[in-house]
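Structure, as structure tokens:
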Amino acid sequence: MTDRLAIDGSAGEGGGQILRTSLALSLVTGRPFRIESIRAGRKKPGLLRQHLTAVHAAAAVSGARVSGGELGSPTLSFEPSRVQSGEYRLAVGTAGSATLVLQTILPALLFAGKPSRLTLEGGTHNPYAPPFDFLANAFLPVIRRIGARVTVRLETYGFYPAGGGRFTVDIEPCSTLAQLALTDREASRVHVKALVASLSENIAKRELSVVRDRLGVDRSMCRVESIDSSVGPGNALMIVIEGDPVVEVVTGFGIKGVSAEKVAADACDEAERYLRAGVPVGIHLADQLLIPMALGGGGSFRTLQPTAHTLTNAEVIRKFLAVPITLEQEAADVYRITVGAGHHKERP
């Protein structure tokens, strides 16, 4: 049997990203692993429901042997078998992010040889994870550029804390992923939408007012969208920055006790930072591109100062793949990340 990797779940940013990346790369490489001290420094350490759903999803697509896969467990052992394409229905059961569950199994299903269809249920618009809009408009268009053929369709919104969202994913297999180069960004066009579900539209209008003042966005490029297909109330502000060749989606989430003006101001801070730097890749897209690049032809991109998520993701990737990942500072808040040409191990 292939040697089992030992993973420290408290390293780096110390969150669920370490588990998800380990699961994703274990599926592709066939390398078993044991992770300890899962989310050890968090208020609720160990496996939460959305992490367990990711584990169960990875086990379902690969017939893996799993031990320690219980709610609250600080350790997990995972030994995959061969990944099988097909139709899967995966439900988080809470408002935990369904988009992060997809992140876990997508790389393996891209190389599975036959098409797959996924139905994912849970949180689609969660302040602690990339929302569906980011997945559909920022991440997937980039990986389609390097050969992935993935389409998604949102059926029901799932706002935190009620959850209850649902979306479907169709994945066509590919044999390789090409090299990615994202080093420059042409002039951007900004448009904004504010989502409200079972809440006053006045909240959305106040958010849009702040964005218009801060970013100089014309009123015609701002809209309120009232959501009927949602189990519970929710609010999300989406600042969509359409550059060439990348779309960036900056999101602010309405949270009880936080004013609409504060939600919008924080989102504007992030959008202004991205626009000021002139880079193509935002802080959240940066960490999500590392796995497909490491499994494909590598490449490079320019981004903002990397987050703890990005740095931690790079460290976990290095454990599974003999692929160099380098970070070079070019200016005060501009970095170039280069991923060497990746060749994942043949599955046993």
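The values are calculated or read from the model by the stated rules, or taken from the named source; none is laboratory data. Predicted model, so just to flag it, every value in this text is computed and none were measured. Reconstructed Cβ throughout: ideal geometry from the backbone, glycine too, with neighbour counts over all protein chains shown.
Restricting attention to segment 146-163 and to residues that are modelled with pLDDT under 95 and surrounded by fewer than 21 Cβ atoms within 10 Å (Cβ to Cβ), the residue that is nearest to Ile227 (Cα to Cα) turns out to be Ala162. Residues in segment 25-60 that are under 22 Å from Thr94 (Cα atoms) and touching a residue at least 60 places away in the same chain (Cβ under 8 Å): 2 in all.
Of all residues in segment 300-313, those that are out of contact with any Gly (no Cβ under 7 Å at 6 or more places or on another chain), surrounded by fewer than 22 Cβ atoms within 10 Å (Cβ to Cβ) and closer than 30 Å to Pro173 by Cβ total 2. Here is the figure for segment 149-199: residues that are among the charged types (D, E, K, R) and within 30 Å of Glu272 (Cβ to Cβ) total 5. Looking across segment 64-90 at every residue that is among the hydrophobic types (A, V, I, L, M, F, W, C) and not in a loop (DSSP other than H, G, I, E, B), the one that is surrounded by the most Cβ atoms within 10 Å (Cβ to Cβ) is identified as Phe78.
Restricting attention to segment 205-237, the residues that are touching a residue at least 40 places away in the same chain (Cβ under 8 Å) and in contact with a strand residue (DSSP E or B) (Cβ under 8 Å, 6 or more places away or on another chain) total 14.
Looking across segment 91-139 at every residue that is assigned to a loop (DSSP other than H, G, I, E, B), of a type in the set (Val, Ile, Thr) and farther than 19 Å from His284 by Cβ, the one that is nearest to the chain's Cα centre (by Cα) is identified as Val92.
Do we have Ile283 as under 21 Å from Ala136 (Cβ atoms), outside the structural domain of Val210 (by TED's automatic domain parsing), in contact (Cβ under 8 Å) with a residue 12 or more places away in the chain and crowded, with 22+ Cβ neighbours inside 10 Å here? Taking the combined requirement at face value, the residue does not satisfy it.
Residue-wise test of (1) of a type in the set (D, E, K, R); (2) on the phi > 0 side of the Ramachandran plot; (3) touching a Pro at 6+ places or on another chain (Cβ under 9 Å); (4) not assigned by TED's automatic domain parsing to the domain that holds Leu109.
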{"position": "Val152", "(1), (2), (3), (4)": "no, no, no, no"}
{"position": "Arg166", "(1), (2), (3), (4)": "yes, no, no, no"}
{"position": "Ser175", "(1), (2), (3), (4)": "no, no, no, no"}
{"position": "Asn202", "(1), (2), (3), (4)": "no, no, no, yes"}
{"position": "Asp218", "(1), (2), (3), (4)": "yes, no, no, yes"}
{"position": "Arg223", "(1), (2), (3), (4)": "yes, no, no, yes"}
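Of all residues in segment 269-280, those satisfying the criterion of being touching a residue at least 60 places away in the same chain (Cβ under 8 Å) and surrounded by fewer than 22 Cβ atoms within 10 Å (Cβ to Cβ) are Arg273, Leu275, Gly278. Say we look at segment 175-215 and pick out the residues that are crowded, with 16+ Cβ neighbours inside 10 Å and of a type in the set (Val, Ile, Thr); which of these is nearest to Glu155 (Cα to Cα)? The selected residue is Val196. The condition (being in contact with a Pro (Cβ under 8 Å, 6 or more places away or on another chain), surrounded by 17 or more Cβ atoms within 10 Å (Cβ to Cβ) and farther than 21 Å from Leu135 by Cα) is satisfied by just one residue among Val339, Val246, Val323: Val339. On inspection, Ile241 qualifies as outside the structural domain of Ala136 (by TED's automatic domain parsing), closer than 16 Å to Glu186 by Cα and either in contact (Cβ under 8 Å) with a residue 40 or more places away in the chain or not polar (S, T, N, Q) (or both).
Picking from Asp218, Asp228, which residue would you name as being surrounded by fewer than 18 Cβ atoms within 10 Å (Cβ to Cβ) and at pLDDT below 95?
Asp228
Take the residues in segment 1-52 that are touching a Phe, Trp or Tyr at 6+ places or on another chain (Cβ under 7 Å) and of a type in the set (Lys, Arg), then tell me which one is surrounded by the most Cβ atoms within 10 Å (Cβ to Cβ). Checking each candidate, the answer is Arg31. Checking the structure you have, find out if any residue of segment 320-341 is assigned to a helix (DSSP H, G or I) and either over 20 Å from Val246 (Cα atoms) or at pLDDT 95 or above (or both). The answer is yes; a qualifying residue exists.
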